[in-house]
Amino acid sequence: RYSLFYNHLKNIEESEGGLDKFTKSYKTFGVNQLEDGGIYCKEWAPGAEAVFLAGDFNGWNPFSHPYKKLEYGKWELFIPSEDGSSPVPHGSKLKVVIRAQNGALLYRISPWARYVVRDEDKVNYDWVHWNPPQSYIHKNPSPKRLKSLRIYESHVGIASPEGKVASYKNFTYNVLPRIKDLGYNCVQLMAIMEHAYYASFGYQVTSFFAASSRYGTPDDLKEMIDVAHSMGITVLLDVVHSHASKNSEDGLNQFDGTDSCFFHSGYRGNHQLWDSRLFDYANWEVLRFLLSNLRMWIEDYRFDGFRFDGVTSMLYHHHGIGTGFSGDYNEYFGLHVDEDALCYLMLANHMINSLHPECITIAEDVSGMPALCRPVAEGGGGFDYRLAMAIPDKWIQIIKELKDEDWNMGNIVHTLTNRRYEEKYIAYAESHDQALVGDKTLAFRLMDAEMYTNMSVLMPLTPVIDRGIQLHKMIRLITHALGGESYLNFMGNEFGHPEWLDFPRIGNNESYHYARRQFNLTEDDLLRYKFLNAFDRDMNKLEERFGWLASPQAYVSEKHESNKVIAFERAGLIFIFNFHPYQSYVDYRVGIETPGKYPFLYRSYKILLDSDAGEYGGHQRLDHNTEYFSEEYPHNYRPNSIMV
C-alpha cells in the first residue's frame, strides 16, 4: 500500500510539479476571475465533442463562447475584459454547454462551481457566478490543534426550534454560544457541501465546491467559522468523497455525456444501497478534483479538518454490503480491498498533513481496518481519529434486549476499551444515525411515550423517567471517560431531545415538524431537560480541567457482575459506576494506584461530579463534603484503596 501511495506521489511530482501545485487546481478550474478583470475557464470533459459557456452574460447563446481543447480531455476558455470590469458579472447565472458524442447539447453546472441556488418554483439548481466586490475577510486565527476533542455534531438547517430551514447567521449568533457554554471545543458540520435533496442529510452531494445556499451565502459561512474561531472552537467539515448524487442536471453524473467521467462505468460505478455514483479513484483527474476540493475548504473557508464519511464503502469493492467484520486480518487484506480508494485516502491525509499540519482528519469506518489511524509513512491510512462505531450499537442492544439486572459489566467494559493499539478513537453514545426516523435516541428508548407527559417537575417523578434520566447521564459519562481519545455528541441529544429527526419529504407531507432542534426545552425551568443539559455541560468542563481524553487508556480495576459496579482510573481521577437497578452500597472498597500517604498525612479524595446530585435531577444521596481517605490496603490488584 505504501508503494502504491509512493508511486502516485512520485508521478504527481514528476508530471504536475508537486502536490502543492496539483491540489491548487481549484484556483484554475471552473470559472475564475483574473486580476485584470478577465475570466479564465477550465473544465475536464474527456467524453465531450465540444464545450461552450453560456449564461446571462451572453444572452444564453450556447455557441458564442467555445472552449479550446487541450490534452487529456481538458478544455479552456479565456474571456478578456474590455474596460477592466468583469465580462461575467457577480450573480450571473451560467451553464457549461457540452456537445456529447451523440450530438446532443447538454446544459451542465461546472463540477467546480462555488455557488448554486434553486428558485422556489424550480426543481433543479442554477449555477451562479460568485465574485462579490468585497469577500469576507477572516479576522481570527484558527485554534491550535486540540489535545482533547469534545465534538458537537451539528446540522445548520435544523439548528432552530422553528419549523424551517435555519441559517448560517442563526447558527453563528444563537447556536455557537450554546456550544461554547456546554464545554464543547469542536463543532462538526454536516450537510454543508451542496445537495439538491434536503432529506438526504447532505450525503447525496451535487456540487462539491459549493457551500449549501439554502442556509445563506458563502460569506455567511465564512463569518460563522470565523466567529467559532474567535471562541476557540475548532470547525470540522463532514466531507463526502465516498460517492455522489446521481443527478445529472445539477450534479456530476454524466457531466460529459458519458457514463464514466468522474465515476466507474457500469455496475462498478453504482452503489446498490445508496443509489449513487462511485468515484474512479485510479483516475488522475478524479484525484485532482477530490484533493483540490479538500484544500479549497481549508484555505477558502478555514475549516480545521474533516470527518470523512462512508470510508468503509470506499475501502472495499463490496462496500461493506452484507458483510460482517470479526477482526480477522483476512477481512482487511486481499483482492476485495479497493487499493485505489485506500491510496486516495493516504494521499488526502498526506496532503493535509504536509500543507496544513494543524488540521484534523477523522475516518468513519465500521470495519476496523488496521492502521487506518497510523501515519502514512508506516503504511497506515494517515487519519488522526476513527469513530468508535461499536459503542452506540452496544448501548442500543443492551437497552433494547436486556433487563437492567442482566446488564453485563464485562461486556460493557470490553466494548468501551476494545480499540487498536495507538490508534485514536472518538467515543460516542449516539450520533445523528440514532436520531433519524426509523431509529430512536437513547432518551427516547429509555423513556419513550412518558417524555410527552412526565418531563415536568410539577409532575411526580415516575420510575420510567427516573430510570431514563439517571441512565442517560451514566451512559454518557462512562462513554466519555472510558471509550476513547475524543468524544462526540449530536446536537440536542445532550439534553435528551424528544422524538426523532425527519426531514421534509413526500412521505411526511413536506413537514418541518421533526426537522428542528427544540433548544428551548432546556430553558424552561419547569422541565427536566435542564438536568441533563447541566450534567453534559459539567461533564465537559471537568474533562477540560483534567484532560482524560488526552491521557493514556484507563485502568479498569473492577467490573463486578453481581454488584453491577465498574471502577477505573484515568487522568488522576477515580470513576465509579453503580449500574445496579435497586442496590446501593455503604463502605464499598475500590482499588486505586496513587499512593495514599504524604509525609505527615493521608491523601483524601473528594467528589467532583455526581450524577445523583440535585442539580442533575438526582436524589442527593451523597454528601459532597465527605473526604475519602486512601489506605495502603491492596484491592483488585491495586496497591491502595478507598472506602466509598
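The values are calculated or read from the model by the stated rules, or taken from the named source; none is laboratory data. Because the structure is predicted, anything quoted here is derived from the model rather than measured. Every residue, glycine among them, receives a Cβ derived from its backbone with ideal geometry; neighbour counts consider all protein chains shown. Each accessible area value is taken on the protein alone, full model and side chains, heavy atoms only, with ligands, DNA and RNA left out. Shrake-Rupley method; radii C 1.70, N 1.55, O 1.52, S 1.80 Å.
In this structure, the amide hydrogen of Gly618, modeled 1.01 Å from its nitrogen in the peptide plane, lies closer than 5 angstrom to those of Ala613, counting only residues at least 5 positions away or on a different chain. Would you mind classifying the range 555-643 by shape? Square roots of the alpha carbon gyration tensor eigenvalues, ordered a ≥ b ≥ c; an a/c under 1.5 is rounded, otherwise it is prolate if a/b is larger than b/c and oblate if not. Oblate, because a/c is 1.5 or more while a/b does not exceed b/c.
Across the alpha-carbon set of the range 442-546, the Rg to Rh ratio works out to 1.01, Rh being the Kirkwood radius.
Annotation: amide H of Leu53 within the under-5 Å range of His65, Tyr67, Val97, sequence separation 5 or more or interchain, hydrogens built in the peptide plane.
Note on Ile607/Tyr585: beta-carbon distance plugged into 1/(1 + (r/R0)^6) with R0 of 25 Å gives a FRET efficiency of 0.95.
Using the Cβ of Phe546 as centre and a radius below 13 Å, the other residues enclosed give a net charge of +1, where K and R count +1 and D and E count -1. Beta bridges per DSSP, both residues in the range 555-643: antiparallel share near 100 percent. Using only the Cα atoms of the range 306-398, build the gyration tensor, take square roots of its eigenvalues as a ≥ b ≥ c, and label the shape rounded, prolate or oblate: rounded if a/c is under 1.5, else prolate if a/b is larger than b/c, else oblate. In terms of gyration-tensor shape, oblate.
Remark: the chain is approximated by an ellipsoid whose semi-axes, taken from the C-alpha gyration tensor as √(5λ), come to 49, 27, 22 Å, largest first.
Each label point was placed 7 Å from the Cα along the Cα-to-Cβ direction; for Lys93 and Arg505 their separation is 2.9 nm. Here the simple spin-label model places points 7 Å from the Cα toward Cβ, and for Asp219 and Asn330 these points are separated by 6.1 nm. A protection proxy built from the mean count of other Cβ atoms within 10 Å ranks the segments 561-570, 165-174, 285-294, 490-499, most packed first, as 490-499, 285-294, 165-174, 561-570. Each residue of the range 62-79 was assigned a 3J(HN,Hα) from its phi angle through the Karplus curve 6.51 cos²θ - 1.76 cosθ + 1.60 (θ = phi - 60°); the sequence is x, 10, 6, 10, x, 7, 8, 7, 10, 6, 6, x, 9, 9, 9, 8, 10, 10 Hz, with glycine and proline shown as x.
Roughly speaking, what % of Cα-Cα pairs in the range 191-254 are separated by over 16 Å, rounded to a whole number?
Details: 984 of 2016 pairs.
Pairs farther apart than 16 Å: 49 percent.
Electrostatic tally near Gln620: other residues with Cβ closer than 10 Å to its Cβ, Lys and Arg +1, Asp and Glu -1, net -3. Percent of C-alpha pairs per 5 Å bin in the range 1-116, short distances first: 2, 11, 18, 21, 17, 12, 9, 6, 3, 1, 0. The modelled label-to-label distance for the pair Lys68/Gln134, using points 7 Å beyond Cα in the direction of Cβ, is 3.7 nm.
Amide hydrogen proximity for Asn640: with H placed 1.01 Å from N in the peptide plane, the residues at 5 or more positions away or on another chain lying under 5 Å are Ile592, His635. Heavy-atom accessible surface of the chain, averaged per residue, reaches 41 Å², computed with a 1.4 Å probe. Taking the protein heavy atoms of the range 30-110 in the context of the full set of protein chains, the accessible area attributed to carbon and sulfur is 49 percent at 1.4 Å.
When the square roots of the Cα gyration tensor eigenvalues are ordered a ≥ b ≥ c, the ratio a/c for the range 489-603 is 1.5 or more and a/b exceeds b/c, which makes its shape prolate. A straight chain from Val464 to Val123 at 0.36 nm per residue would run longer than the Cα-Cα distance by 118.1 nm. Full extension of the chain between Tyr197 and Gln101 yields a length gain of 31.6 nm, computed as 0.36 nm times the residue separation minus the alpha carbon distance. How many angstrom separate the Cα center of the range 476-503 from the Cα center of the range 1-48? The range 476-503 and the range 1-48 have Cα centres separated by 40 Å.
Can you tell me what share of the DSSP beta bridges in the chain is antiparallel? A percent to the nearest 5 is fine. Here the share of antiparallel DSSP bridges comes out near 65 percent. Helices of the chain meeting both criteria, an alpha-carbon length of 15 angstrom or more along the long axis and an average Kyte-Doolittle score not below 0.5, with helices taken as full DSSP H segments, are 339-355.
Taking a 30 Å limit on the Cα-Cα distance, which of the listed pairs Lys144/Lys246; Lys147/Lys394; Lys144/Lys530; Lys10/Lys74; Lys147/Lys400; Lys440/Lys606 fall beyond it?
Numbers: Lys144/Lys246 39 Å; Lys147/Lys394 27 Å; Lys144/Lys530 32 Å; Lys10/Lys74 22 Å; Lys147/Lys400 35 Å; Lys440/Lys606 37 Å.
Beyond 30 Å: Lys144/Lys246; Lys144/Lys530; Lys147/Lys400; Lys440/Lys606.
Of the accessible area of the range 555-643, computed with a 1.4 Å probe over protein heavy atoms only, carbon and sulfur atoms account for 51 percent.
The portion of the accessible surface of the range 127-237 made up by carbon and sulfur, rounded to a whole percent, is 54 (1.4 Å probe; DNA, RNA and ligands excluded). If you plug the beta carbon distance of Ile576 and Ser354 into 1/(1 + (r/R0)^6) with R0 = 45 Å, you get a FRET efficiency near 0.50.
Karplus-derived 3J(HN,Hα) values for the range 112-119, using 6.51 cos²θ - 1.76 cosθ + 1.60 with θ = phi - 60°, are 9, 4, 8, 8, 10, 9, 10, 6 Hz; glycine and proline are entered as x. Net length available on complete extension from Glu82 to Ala50 is 8.9 nm, with 0.36 nm assigned per residue and the Cα-Cα distance removed.
Pairwise Cα distances in the range 114-245 exceed 22 Å in 38 percent of cases.
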